[in-house]
Amino acid sequence: MELLINSGPRMDKGNTALILNPFLEGMKEVGAEVELFYTKKLKINPCTGEFNCWLKTPGKCYQNDDMNILYPRIDAADVIVFATPVYVDGVTGQMKNFIDRMLPRVEPFVELRDGHCRHPVRGGPKTLKFLLVSNCGFREMDNFDPLLVFMKAFCRNASTEFAGALLRPHGEALSSMLEMGAPIDDVFEAAREAGRQLVKEGEMSQETLDIVSRELLPKEMYIQIANQTFQQCLESLDR
C-alpha cells in the first residue's frame with residue numbers, strides 16, 4: 001500500500017499537486033493501492049515531547065486527533081510519499097507535525113547502525129520507502145538542498161530507504177503555463193511515468209526525474225513575470 005500525504009495549503013489546487021497527482025495516477029495504472037490525505041483536512045497536533053509514547057503507553061501517542069487515522073496506514077504502507085512545497089527551506093508546518101508525530105514508530109532505546117546512534121523501529125525493521133514530492137517558487141534547483149538533507153537524515157533515523165524526489169523548481173509558472181497551453185505536457189507525463197517506475201521497478205530513473213525538474217522559462221523572464229504579477233496584486237488592493 002502507498003500512502004501519500006500532501007501538506008500543500010491549496011491541496012489539489014496547488015502547484016505541488018500538479019506533480020503529485022499524475023505521479024499518483026501512474027502508480028494506480030500499474031496496480032498500486034494508493035491513499036491520499038491532505039493535512040489541511042486533518043487535525044494533527046504538534047508533538048508535546050512528553051515521551052508518553054515511549055514510557056507510559058509504548059507505541060501509542062496520548063493525543064486523540066487524526067493521527068489515529070494515519071498510524072495504522074503508516075504501519076501497513078510499503079511507500080510513504082511526503083508532498084510539500086518548500087517553506088523557508090523545509091517542509092510546511094503541517095508536514096513537520098506529521099513527521100514529528102511518527103515518534104511512536106520507534107523505541108526509546110539506542111542502537112548502533114552503521115556506526116551511528118539510532119532508535120530501533122518498534123517491532124523490528126520492515127521494508128519501507130520514503131519519497132519526496134516538492135515544489136518551490138524560486139527557480140534554482142539548489143533551493144531544494146536543505147529539504148533533501150532533512151529528508152535523507154529522516155530516512156536514516158527511521159530505518160527507511162529514501163526512494164528519490166520529484167522536484168519542481170519555479171513551480172509558480174506551472175499553472176499559468178498550463179492555462180496558456182504552453183508545451184509542458186512532458187513534465188506531467190514524466191511525473192506519471194515516475195509513478196509507474198516506482199511501483200514496477202522499485203525506483204525512478206534520473207532521466208525521468210530530470211524531465212519533471214526541467215527549465216520552463218529563462219531566469220530573467222521568470223523574475224519579470226513574477227514581479228509583475230505581485231505588483232498587479234498589490235495595485236488591485238488600492239482600487
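The values are calculated or read from the model by the stated rules, or taken from the named source; none is laboratory data. Computed from a prediction, not measured in an experiment: that's the story for all the values here. A quick note on method: Cβ atoms are made from the backbone with ideal geometry, for glycine too, and the neighbour counts reach across all protein chains shown. Note: accessible area is taken over every heavy atom of the protein model, side chains too, but ligands, DNA and RNA are not part of it. Shrake-Rupley method; radii C 1.70, N 1.55, O 1.52, S 1.80 Å.
Considering every residue within segment 143-165, establish whether at least one is open to solvent by 40 Å² or more (accessible area, probe 1.4 Å), under 16 Å from ASN15 (Cα atoms) and not in a strand (DSSP E or B). Reasoning before the result, please.
So the first thing to find is which residues in segment 143-165 are open to solvent by 40 Å² or more (accessible area, probe 1.4 Å), and the list is 145-146, 149-150, 152, 156-157, 161-162.
Now drop any that are not under 16 Å from ASN15 (Cα atoms), which leaves none.
For segment 143-165, residues open to solvent by 40 Å² or more (accessible area, probe 1.4 Å), under 16 Å from ASN15 (Cα atoms) and not in a strand (DSSP E or B): absent.
Out of GLU215, GLU207, GLU201, GLU220, which single residue is under 17 Å from PRO22 (Cβ atoms) and loosely packed, with under 13 Cβ neighbours inside 10 Å?
On the way: GLU215 fails: under 17 Å from PRO22 (Cβ atoms); GLU201 fails: under 17 Å from PRO22 (Cβ atoms); GLU220 fails: under 17 Å from PRO22 (Cβ atoms).
Result of the check over GLU215, GLU207, GLU201, GLU220: GLU207.
Starting from residues that are more than 12 Å from the chain's Cα centre (by Cα) and closer than 13 Å to ALA158 by Cα, keep the ones in segment 124-141 and report whichever is surrounded by the fewest Cβ atoms within 10 Å (Cβ to Cβ).
Restricting to residues being more than 12 Å from the chain's Cα centre (by Cα) and closer than 13 Å to ALA158 by Cα, the top hit is GLY124.
Give the residue that is modelled with the lowest pLDDT, with candidates limited to residues of segment 183-198 that are open to solvent by 70 Å² or more (accessible area, probe 1.4 Å) and assigned to a helix (DSSP H, G or I). Full working, then the answer.
The initial filter retains those residues of segment 183-198 that are open to solvent by 70 Å² or more (accessible area, probe 1.4 Å), namely 183, 185, 189.
Checking the rest, the ones that are also assigned to a helix (DSSP H, G or I) come to 185, 189.
Values: ASP185: 94, GLU189: 98.
This residue is ASP185.
How many residues are closer than 28 Å to GLY8 by Cβ, touching a residue at least 60 places away in the same chain (Cβ under 8 Å) and in a loop (DSSP other than H, G, I, E, B) when one looks only at segment 80-134?
Number of matching residues: 3.
Look at LYS152 and say whether it is modelled with pLDDT of 95 or more, closer than 27 Å to CYS61 by Cα and of a type outside the set (A, V, I, L, M, F, W, C).
Numbers: modelled with pLDDT of 95 or more: yes; closer than 27 Å to CYS61 by Cα: yes; of a type outside the set (A, V, I, L, M, F, W, C): yes.
Criteria met by LYS152.
Take the residues in segment 46-62 that are in contact with a Pro (Cβ under 9 Å, 6 or more places away or on another chain) and in a loop (DSSP other than H, G, I, E, B), then tell me which one is nearest to ARG105 (Cα to Cα).
It comes out as GLY59.
Please pick out the residue among LEU20, LEU55, LEU4, LEU36 that is modelled with pLDDT of 95 or more and more than 22 Å from VAL187 (Cβ to Cβ). I'd like the intermediate steps shown before the answer.
Numbers: LEU20 fails: more than 22 Å from VAL187 (Cβ to Cβ); LEU4 fails: more than 22 Å from VAL187 (Cβ to Cβ); LEU36 fails: more than 22 Å from VAL187 (Cβ to Cβ).
Going through LEU20, LEU55, LEU4, LEU36 in turn, just one is modelled with pLDDT of 95 or more and more than 22 Å from VAL187 (Cβ to Cβ): LEU55.
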